[in-house]
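Participant: Take a look at the following structure, please.
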């Protein structure tokens, strides 16, 4: 595609996605982040413009990828004010990668359509190494023609790419993915914590888990880290709390009782309250292992 691409939100995920696309020959023309030093450093690395305003990104780019933290941040960058991605946005395509509520993705689509632009949600079920390697699992929602239009960009970011349906539908699926993942993580922490309390060898216990019905992807990614108390952040406890809340609210709106989802949300809320939200979600084990956090 002979297009220019801008990025809004260039932390560990967004920054590595920009690096990946640059490596694949795409023109990364402008980057923006509220942490201006982060954006300046990446702009220098990639030979892009360090945009001081959101409108500057829209002015330079045909496609704008947004990777922000939450609903409030997503709505703010598409606000109807003096500095917004919506300024001069006619003909632009916005690929929004944040894990936010389905309703917010629907609202962003409405706002972009109102100014003659288009949006697509591209929900990521992967982490930082996959962003850099271009092996993200992407679930996309929005107009199918928009998905097809930007597919060459999406293909260079992902090893698994799935179109889910209209706006909001991919975010629903992502919420369920993270709900089950977070429940599995909290359950694994309790299993290993109880194993330690019983005096069992945790290396042995993890091997048994891996060969039985207790096996899971979370066991592969988080089991050893829980045991070693290595909580280098790939997916933060704070994000797990946010995403667990999204899923729990969706359940309540659907009239369902989701006790495991509710209990997991409370565990991650507690992790954040203890000041451990910046650590990896594996830090939920700090709440269950005897002799760690009370």
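Derivation of every value follows stated rules applied to the coordinates shown; laboratory data play no part. All of these numbers come straight from a predicted model, not from anything done at the bench. Ideal geometry is used to build each Cβ from the backbone, glycine not excepted, and the neighbour counts take in all protein chains shown.
Participant: Nearest 5 percent is fine: what portion of the DSSP beta bridges confined to the chain is antiparallel?
Facilitator: Taking every DSSP beta bridge within the chain, about 20 percent pair in antiparallel fashion.
Participant: On full extension of the chain, what length is gained from residue 72 through residue 257, given 0.36 nm per residue of separation minus the C-alpha to C-alpha distance?
Facilitator: 63.9 nm
Participant: Only Cα pairs under 8 Å and at least 6 apart count here; give the relative contact order of region 163-294 as a rounded whole percent.
Facilitator: 35
Participant: Tell me the mean residue ellipticity at 222 nm calculated for the chain from its helices only (DSSP H runs of n ≥ 4, each -39500 (n - 2.57), averaged over every residue, nearest 500).
Facilitator: Value at 222 nm, helices only: -16500 deg cm²/dmol.
Participant: Moving on. Where the centre of each part is set by its Cα atoms, how far does region 122-176 sit from region 23-64, in angstrom?
Facilitator: So the separation of the two Cα centres works out to 21 Å.
Participant: Can you sort 63, 164 from fewest to most other Cβ atoms within 10 Å of each residue's own Cβ?
Facilitator: 164, 63
Participant: Roughly how tilted is helix 169-197, in degrees to the nearest 10 and between 0 and 90, from the longest Cα axis of the chain?
Facilitator: In the chain, helix 169-197 runs at an angle near 30 degrees to the longest axis.
Participant: Using alpha carbons only, how many degrees (0 to 90, rounded to 10) separate the axis of helix 36-46 from the longest principal axis of the chain?
Facilitator: Once rounded, the angle reads 70 degrees.
Participant: Another question, then. What is the gain in length, in nm to one decimal, between residue 292 and residue 278 on full extension, counting 0.36 nm per residue of separation less the C-alpha to C-alpha distance?
Facilitator: Contour length minus the Cα-Cα distance gives 3.3 nm.
Participant: Using the alpha-carbon centroid of each, what span in Å lies between region 1-22 and region 268-287?
Facilitator: Using only Cα atoms, the two centres lie 29 Å from each other.
Participant: At residue 224 and residue 36, where each label point lies 7 Å from the Cα along Cα→Cβ, what is the point-to-point distance in nanometres?
Facilitator: For the pair residue 224/residue 36, the computed spacing is 4.3 nm.
Participant: Shifting gears a bit: Compute a Gaussian network model of the chain, connecting alpha carbons closer than 10 Å, and tell me which residue from 11, 277, 116 fluctuates the most.
Facilitator: Highest fluctuation among the options: 116.
Participant: Determine which residues of region 10-30 fall in the zone a paramagnetic label at residue 161 would reach in this model, i.e. backbone nitrogen under 13 Å from the point 7 Å along Cα→Cβ.
Facilitator: In region 10-30, the label zone of residue 161 (backbone N under 13 Å from the point 7 Å along Cα→Cβ) covers 21.
Participant: Now, a different point. Using only Cα atoms and rounding to the nearest 10 degrees, what angle (0 to 90) does helix 259-273 make with the longest principal axis of the chain?
Facilitator: Helix 259-273 sits roughly 80 degrees off the main axis of the chain.
Participant: Run the quick spin-label model on residue 151 and residue 217: label points 7 Å from Cα toward the beta carbon, then report their separation in nm to one decimal.
Facilitator: Label-label distance for residue 151 and residue 217, simple model: 2.3 nm.
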